[in-house]
Each structure stands twice: as structure tokens, then as C-alpha cells.
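Okay, so here's the structure we're looking at.
The values are calculated or read from the model by the stated rules, or taken from the named source; none is laboratory data. Source: prediction; values computed, not measured. In this analysis, Cβ positions are derived from the backbone assuming ideal geometry, glycine residues included, and neighbour counts consider all displayed protein chains. Each accessible area value is taken on the protein alone, full model and side chains, heavy atoms only, with ligands, DNA and RNA left out. Shrake-Rupley method; radii C 1.70, N 1.55, O 1.52, S 1.80 Å.
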Amino acid sequence: MISLALPAERSRSGNGLFGILNSVPHPTLVEMIAIAGYDFVILDLEHLPHNETLLCQCIQLAQLNGCTPLVRLTCDDIPRAGRILDMGAHGIVLSRAESAEQIISLRNAMFFPPVGTRGITGGSVTGFGTLPLGDYIRQANEKLWLVPMIETPSGIQAIDAMLRVPEVTMVMEGALDLAMSMQLGPQPAHPRVESEIRHLADRCRNAGIPFCANPRTPEQQQYWQSHDITHWLCGEDRGFFFRTLKQRLTDIQSL
């Protein structure tokens, strides 16, 4: 049985909400992330191969250790959203979101009537019947996370329309893909990219929807802290693991 909570209710530290992208798809690593104290983890179905058994184990280990499991999907995979939520995921991150129509399509796949069109089942999400279906439906319709990830100029242009969809919980940025879409190459810290992301954050603030910053430099972190950002993506685990392994080897070799 899952216990859903909105981002404002989920902070474990009391001073913000902190998450990470899981790029090494293995239950043990997800368990480590959760026990390390992250508030949420994004399990990636956009770029990584996940069979359903592995994905289900990752979801369960995250939530059992107090970490909100989110799953990143592409627009083509929106029809899978209900099945993934049936596994126990607490929300969906939609990569390359570009229109309110895409967000509405995802909302319909995620939420039960009258909010959406998702079909109902029991199983582990209701504790195999110990949570009445009506209670689960109410909880899901109130507290699942719907998170657009903005990664293209089209997404930036459509952000106001997306923010008008009431079920949007939080907005994330994808600076690297945004830079590529702007024909700037792999430069996520390019001034034009930073300008667009700051504009995105401003639109979210005006709409009262949390913007999740992903600082890649100390200067970016200072900027977002000075603008009272409370929702943070702390990068992705693969890069951290590799750099730590490499640095440890270098340290020992240099003795």
C-alpha cells in the first residue's frame, strides 16, 4: 500500500525538497539514494532499459525508505502511465513537454474519473484491499505528481498554457537538451540557455507552481538560492559514481 504526498508535504530535511536522477538502473542504487536522504528519485524510462520487474523493485525500495519514486516517460509512452502508477510510482515526469495538450493527455492517463480516464485496479497500491478503492482514488487524484520537463524552445513558449492545467505539481528544466534544441550544442550553461531557464522559473513563480532547479555550477546554485528556490534536482547518480571511483583510484595511485 502506498502513501502519497504532494511535494510540500514530502521534505525530509525541512529546508527544501531534494531529488536525483537515477541513471544506473538497479534496485540497490535506488535503495542507497533513498537511505542517503533524498526526497525523490526519478527512474528514467526515456534513455534507459528497464524491465517491469526491475522497475517495480526500484519503486518499492524507494517508497519503503521514505523517498518518492517518480518515473520519467516520453510523450510516446503516455499510455503506459497508468500501468506504472499501478506499480506504485508516485508520479510521472514528462520529458520534452511542449504543449498543454500533452499535459492534458498525461493527466487523463494518470488520474481517475472525474479528473482523468485512468482505469482502476487493486493490488499493492491499495494494500491488496486493505485501503478501500474510494480512498485510493481520492488520494491519487489529489496527490500524484505530474511534472513537465521543459527541454525545447517550444516548451518554453507553451509554459503558461501548461501551467494552467490544474494537476501540474512542479516543473523541471532540461538545460542540455534545451541548448541542443537552440542549436547551441552541448552547452547547458550558455547565457542564452540560462536566460530561458530563468524566464521559465519566473513563469512558474507567477503561476504559484514550484520550479525545480538543477544547478550545474556554484554560480547557478547561488543564483537560485538568492531567488528562494526550494525544489532541487541534484544531478544524476551516474556522473557522481564515476567521478568518485575515478578520484579514488587517482588518489591511491598518487601515494
Which one of Leu178, Cys212, Phe240 has its Cα pushed farthest toward the positive end of the charge dipole of the chain, where Lys and Arg give +1 and Asp and Glu give -1 at the Cβ?
Phe240
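Please work out the Cα convex hull volume for the stretch 174-242 and give it in Å³ per residue.
In the stretch 174-242, the Cα convex hull volume per residue is 95 Å³.
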As an exercise, identify the chymotrypsin sites (Phe, Trp or Tyr not before Pro) in the stretch 115-213 lying in DSSP coil whose Cβ has no more than 10 other Cβ atoms within 10 Å.
Phe128
Stokes-Einstein translational diffusion, the stretch 44-99 - Kirkwood Rh over all Cα pairs, 0.692 mPa s, 37 °C, in µm²/s:
285
For the stretch 71-111, how big is Rg over Rh, using alpha carbon atoms and the Kirkwood form of Rh?
0.92
Give me the mean projected area, in nm² to one decimal, of the convex hull enclosing the Cα positions of the stretch 128-221.
7.9
What does the convex hull of the alpha-carbon atoms of the stretch 126-175 project to on average, in nm²?
4.4
Restricted to Cα positions, what overall size does the chain have along the principal axes? Three whole-Å values, descending.
58, 46, 34
Over the stretch 58-179, the quotient of the Cα radius of gyration and 2.2 N^0.38 Å is 1.07
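As a test of the formula, what do you get for the chain when each DSSP H run with n ≥ 4 contributes -39,500 (n - 2.57) and the sum is divided by the residue count, at 222 nm and rounded to the nearest 500 deg cm²/dmol? If you can, show how the numbers build up before the last one.
Working: 11 runs with 111 residues, N = 255.
Only helices count here, giving -13000 deg cm²/dmol.
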For the stretch 1-112, the Cα-Cα pair-distance distribution in 5 Å bins from 0, as whole percents, is 2, 13, 24, 24, 20, 13, 5, 0
What are the ³J(HN,Hα) values, in whole Hz, obtained from phi via the Karplus relation 6.51 cos²θ - 1.76 cosθ + 1.60 with θ = phi - 60°, for each residue of the stretch 36-41 in sequence order, with x given for Gly and Pro?
5, x, 5, 7, 8, 10
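Solvent-accessible area per residue for the chain at a 1.4 Å probe radius, Å²?
Working: 11970 Å² over 255 residues.
Averaged over the residues of the chain, the accessible area is 47 Å².
Return the carbon/sulfur percentage of the accessible area of the chain, one whole number, probe 1.4 Å, all protein chains in place.
It is 54 percent, rounded to a whole number.
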Hey, quick one: spin label on Glu236, modelled 7 Å out along Cα-Cβ, who in the stretch 160-183 has an amide N within reach, i.e. under 18 Å?
172-182
What's the long-distance tail for the stretch 97-148, i.e. % of Cα pairs beyond 16 Å?
43
Only Lys, Arg, Asp and Glu count, each charged at its Cβ (+1, +1, -1, -1), so figure out the dipole size of the chain about its Cα centre, rounded to 20 debye.
220
Explain nothing, just compute: Karplus ³J(HN,Hα) = 6.51 cos²θ - 1.76 cosθ + 1.60, θ = phi - 60°, for every residue of the stretch 188-201 in order, whole Hz, x for Gly and Pro.
x, 9, 4, x, 5, 5, 4, 4, 5, 6, 5, 4, 4, 4
